[in-house]
Structures are given as C-alpha cells and as structure tokens.
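Contents: one structure, followed by commentary.
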Amino acid sequence: MKVIGLDPGIHRTGYAIIDIQGHDLRAYEYGCITTSAKRTLSERLVELQKDLVELLERHRPQAAVVERLVFVHNATSAIA
C-alpha cells in the first residue's frame, strides 16, 4: 500500500511517500514544501495546495496520514 505522510505547516510542510508491504517499507520520495513569508497567507495556501496535488497525482497513494498538531511555545502559529 502506498502512503503519503504529512507534517503540516504554513512555512514548511514535510512529506514522505512510502510503500508498505507486510513488514517491508520502501521510500519513494520525501522532502519539504516551503513557502515564502513575503507572500500573503492565501498565496501560501494556494502554493501548498498546488504542490500537494502534484505529489498526489504523481504517486497516487492509497492512504494519507497527517501529524497531529503539537505546540509548546508559540500558540499564535498553531492558530493559523
């Protein structure tokens, strides 16, 4: 089963595409999508959406997992 894992963020969104066959794992691609702080929030969200759609179309995962939001110091960034 091909799975995409996401560590979401407005500035940086980490991702990994893996294939799981029983106890065997194979990494297809991993990286980080970054957006410029000079852009508006809506422009950054459009950029993230475009890059994520491209990943999904290229790899066609059967499942997705998203890291749960955890913050310690900066609740303001978590609210966005």
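Scoring Pro8 on the criteria (1) at pLDDT 95 or above; (2) within 14 Å of the chain's Cα centre (by Cα) leaves a single failure, condition (1). Annotation: of all residues in segment 56-80 being part of a loop (DSSP other than H, G, I, E, B), within 14 Å of the chain's Cα centre (by Cα) and loosely packed, with under 11 Cβ neighbours inside 10 Å, the one that is modelled with the highest pLDDT is Arg68. Among the residues of segment 15-43, those that are free of Cβ contacts under 8 Å to residues at least 40 places away in the same chain and open to solvent by less than 40 Å² (accessible area, probe 1.4 Å) comprise Ala16, Asp19, Gly31, Ile33, Thr35.
Kindly indicate whether Ile4 is out of contact with any His (no Cβ under 9 Å at 6 or more places or on another chain), surrounded by 11 or more Cβ atoms within 10 Å (Cβ to Cβ), among the aliphatic types (A, V, I, L, M) and not in a helix (DSSP H, G or I). When the stated conditions are applied, Ile4 does not pass them.
So for segment 14-27 (the condition being charged (D, E, K, R) and assigned to a helix (DSSP H, G or I)), does at least one residue qualify? No.
Quick check: is even one residue across segment 44-52 assigned to a loop (DSSP other than H, G, I, E, B) and either surrounded by 11 or more Cβ atoms within 10 Å (Cβ to Cβ) or at pLDDT below 95 (or both)? So far as segment 44-52 goes, no, none of its residues is assigned to a loop (DSSP other than H, G, I, E, B) and either surrounded by 11 or more Cβ atoms within 10 Å (Cβ to Cβ) or at pLDDT below 95 (or both).
The values are calculated or read from the model by the stated rules, or taken from the named source; none is laboratory data. This is a predicted model, so every value here is computed, not measured. All Cβ positions, glycine included, derive from the backbone under ideal geometry; neighbour counts span all protein chains shown. Side chains included, ligands, DNA and RNA excluded: accessible areas come from the protein's heavy atoms. Shrake-Rupley method; radii C 1.70, N 1.55, O 1.52, S 1.80 Å.
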